[in-house]
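Here the structure comes first, spelled out in structure tokens, and everything after it is commentary.
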Amino acid sequence: MATYTTPETKEARTPVIENPRKDAYWLAPTTTIVVLVVFIIYATIRAFMGRYFATYNEGENFPWLAPMRLQPHYWSPFYSPYIPVHLRIGAWPISAALYVMILPLAFRLSCYFCRRVYYRAFFQDPGACAVRELFKHRHYTGETRWPTKIFNLHRYTFYIAVILVGFHWWHLYNAFFYTEAGQVHVGAGLGTLIFLIDTLALTLYTFSCHAFRHLIGGAVNWFSKAGWRYKTWRWVSWLNEYHGQFFWISLVTVMCADLYVYLVASGVFLDPRFF
Ligand code: FES
């Protein structure tokens, strides 16, 4: 005679495995927390500092007063593009970085890869695949409600990021010039190399974005008839596989580029020149 088990009986017989993973799955989220916290602390200090964000060429005044002249040799990416608005809260001047940092921040915080990273690291939601969530949801709603719904704006922050990449290339261009004895020379120093690496890293991070991949290859019904869009989509898809790596590399390089400008601008050391 057939026997039937009720759902309750089944549940009682099923051992509850709290955490089936025995490997060091916690290592990645923990490293993430350390790196992001270091970056956030560093960026906050630098944003509020409001100075040492450019190394000026000899004899030059503030560049925005003479826009047709050579721009400062090195310009911190944290203060780019520079917005010459000088507001105050009481006696406290508001640093120029605070006006612009919101733009790359919006792009990064809404990045699909970055969301996965901080959901895992900070919210343990979940900490890794096959790991129980720290906070149980009564209903899974994904990112269909506020405040996470705002992440839908990521596709628009991509356009802002493209403009920021343009400014990065402009600062890299300026890093190949310096002024000596009133003459403009072409040259390169250690800072030029750091700017080159940072600019390439940010460019790769931006153009491997999922939103860009969709922009190029989305809404195409026949790839065989899409011509350049199909070819570009294949390139972007290849780049997109490394999007996570580009995210981390560009996060570190942008910090290094700013730190380098700070050290040179504050007189800690002189920029070693290659030629
Ligand atoms: Fe990461 Fe767009 S998905 S930047």
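Every number in this text was worked out from the coordinates using simple rules, so none of it is lab data. Computed from a prediction, not measured in an experiment: that's the story for all the values here. Virtual Cβ from ideal backbone geometry, glycine too; neighbours counted across all protein chains shown.
How far, in degrees from 0 to 90, does helix 228-240 lean away from the longest principal axis of the Cα atoms of the chain, to the nearest 10?
Roughly 80 degrees between the two axes.
Determine, from the Cβ-Cβ distance of HIS137 and ILE160 and an R0 of 41 Å, the FRET efficiency 1/(1 + (r/R0)^6), rounded to the nearest 0.05. Display every interim value, and only then the final one.
Details: r = 32 Å, r/R0 = 0.77.
Between HIS137 and ILE160 the formula returns 0.80.
Which ordering of CYS209, CYS256 is given by a fewest-first count of other beta-carbon atoms within 10 Å?
Sorted ascending by nearby Cβ count, the order is CYS256, CYS209.
Which residues' amide hydrogens lie under 5 Å from the amide hydrogen of PHE123, considering only partners 5 or more residues apart or on another chain, with H built in the peptide plane?
Long-range HN contacts for PHE123: none found.
Going by a ≥ b ≥ c, the root eigenvalues of the Cα gyration tensor, does the chain fall in the rounded group (a/c under 1.5), the prolate group (a/b larger than b/c) or the oblate group?
Note, shape of the chain comes out prolate.
Could you work out [θ]222 nm for the chain from helices alone, using -39500 (n - 2.57) per DSSP H run of at least four and dividing by all its residues? Round to the nearest 500 deg cm²/dmol. Numbers along the way, then the final one.
Numbers: 10 runs with 136 residues, N = 275.
Mean residue ellipticity, 222 nm, calculated: -16000 deg cm²/dmol.
Among ARG120, ARG51, ARG88, rank each residue by its count of other Cβ atoms within 10 Å, from fewest to most, as a rough exposure measure.
ARG88, ARG51, ARG120
Just checking the chain: which Cys have no other cysteine's beta-carbon under 4.7 Å?
CYS129, CYS209, CYS256
Quick one: which residues, 5+ away or cross-chain, put their amide H under 5 Å from the amide H of GLY187? H built at 1.01 Å from N.
For GLY187, whose amide H was placed from the backbone, the distant partners under 5 Å are PHE177, TYR178.
Within a 10 angstrom radius of the beta carbon, how do PHE107, PHE113 rank from fewest other beta carbons to most?
Working: PHE107 24, PHE113 18.
Ascending Cβ contact count within 10 Å gives the list PHE113, PHE107.
Can you list the residues, at least 5 places off or on another chain, whose amide H is less than 5 Å from the amide H of TYR74, using H built in the peptide plane?
HN-HN under 5 Å from TYR74: THR55.
Per residue, what volume in Å³ does the Cα convex hull of the stretch 150-192 take up?
Convex hull of Cα atoms, per residue: 82 Å³.
Please give the helix 112-121 orientation as an angle from the longest Cα principal axis of the chain, in degrees from 0 to 90, rounded to the nearest 10.
Helix 112-121 sits roughly 70 degrees off the main axis of the chain.
Could you tell me how many degrees, from 0 to 90 and to the nearest 10, lie between the Cα long axis of helix 154-174 and the main elongation axis, the longest principal axis, of the Cα atoms of the chain?
Approximately 30 degrees, to the nearest 10.
To the nearest 20 debye, what charge dipole does the chain have about its Cα centre, counting +1 at the Cβ of each Lys and Arg and -1 at the Cβ of each Asp and Glu?
The dipole of the chain has a size of about 1000 debye.
At a Förster distance of 51 Å, what's the computed FRET efficiency of ALA28 paired with GLN183, Cβ-Cβ distance as r, to 0.05?
Efficiency for this residue pair is about 0.50.
Report the net charge of residues surrounding ARG115, where surrounding means a beta-carbon distance below 12 angstrom and charges are Lys +1, Arg +1, Asp -1, Glu -1.
Here the count lands on +1.
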